[in-house]
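We did not get these values from a lab; they are worked out from the coordinates using the rules stated. Since we're looking at a predicted model, the values are computed, not measured. Here Cβ is always computed from backbone atoms with ideal geometry, including for glycine, and neighbour counts include all displayed protein chains.
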């Protein structure tokens, strides 16, 4: 069988072959390669900073598989580390075609094509691919930025910040709404990240704790997009805002689950743990000097 050339792609997903995916010869079952491509496609949407369910609801449709084809060049085996390259190759009137290349040690194992149709979820009848979705896909494949970082006041950014904070703090973490919202928003510097559909996906704010000391808080990232560096982008934007106004230090109250994240960014624990809004916290500080 002739091996195709490697499919050039900006997107790569990595996985390791597990016991449940191989046969008695420890070779991957053929059907699992479709699962690998499907798993990679889920991460592709994350890379586009599109929370899939919310984005499709906003677009008024959903994507359904129309055709999936695979061409086998070799066999992946137990414990192999596989790289999946995925690229949007064509957008028709109502269809979107992705090409994938599953590689092991740089050599193509399987190449595939996935064709999806954009359709009405209620009737499953095809609809034209929305112009906004088409634009997002084309922009990403062209190497254009897919995220907007806005820094401003509450008047300009309240809508996006409020939406993300309500979903994360009130709905997910069950913090009372009256504790999550306070008068400090009016004087704070806010950061909101929006994807190319205009959806707010992450936010944070910067207060003036005392002269020369900034206080970062309300840092939140949409649940399905965590782990993609959005929180770090918000944190860096807030630190830059503090430095720009002349602060010599920034501090924050880190939730226990996020302490390791802040330590990695150079924050130092200060004091002892305490409970805030029913959640364990620790004060941490970053020296801007």
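Using the eigenvalues of the Cα gyration tensor, what equivalent ellipsoid semi-axes result for the stretch 147-287 when each is taken as the square root of five times the eigenvalue, whole Å, largest first?
Computed over the stretch 147-287, the values are 21, 18, 15 Å.
What length, rounded to one decimal in nm, is gained on full extension from residue 245 through to residue 141, with 0.36 nm per residue of separation minus their alpha-carbon distance?
Working it through step by step, the gained length comes to 33.7 nm.
Give me 155, 39 sorted ascending by neighbouring Cβ count inside 10 Å, so fewest comes first.
Result, fewest neighbours first: 155, 39.
In the P(r) worked out for the chain, what percent of Cα pairs fall beyond 27 Å? Intermediate results must be reported in sequence, preceding the final value.
On the way: 21672 of 41616 pairs.
Value for the chain (Cα pairs over 27 Å): 52 percent.
May I ask you to list the residues of the stretch 13-56 whose amide nitrogen lies under 20 Å from a point 7 Å from Cα along the Cα→beta-carbon direction of residue 77?
15-33
Pull out the extension gain between residue 181 and residue 27, defined as 0.36 nm times the separation in residues minus the alpha carbon to alpha carbon distance; nm, one decimal.
Stretched out fully, the residue 181 to residue 27 stretch lengthens by 50.0 nm.
Just want the ordering: 18, 162, from fewest to most Cβ atoms lying within 10 Å of their own Cβ.
Ranked by crowding around the Cβ, least crowded first: 18, 162.
Rank 242, 57, 254 by mean-square fluctuation in a GNM of the chain with C-alpha springs under 10 angstrom and give only the top-ranked residue.
Largest GNM mean-square fluctuation: 57.
With N denoting the number of residues in the stretch 11-141, provide Rg(C-alpha) divided by 2.2 N^0.38 Å, to two decimal places.
It is 1.12.
So how far, in whole Å, is the C-alpha centre of the stretch 10-32 from the one of the stretch 122-175?
If we compute the Cα centre of each part, the gap is 33 Å.
Taking springs between alpha-carbon atoms closer than 10 angstrom, which of 198, 100, 214 fluctuates most in the Gaussian network model of the chain?
Among 198, 100, 214, the largest mean-square fluctuation in the Gaussian network model of the chain belongs to 198.
Could you check the simple spin-label distance between residue 16 and residue 171, using points 7 Å along Cα→Cβ, in nm with one decimal?
3.5
Starting with the fewest neighbours, write out 44, 64 ranked by other beta-carbon atoms found within 10 Å of each beta-carbon.
Lowest count first: 64, 44.
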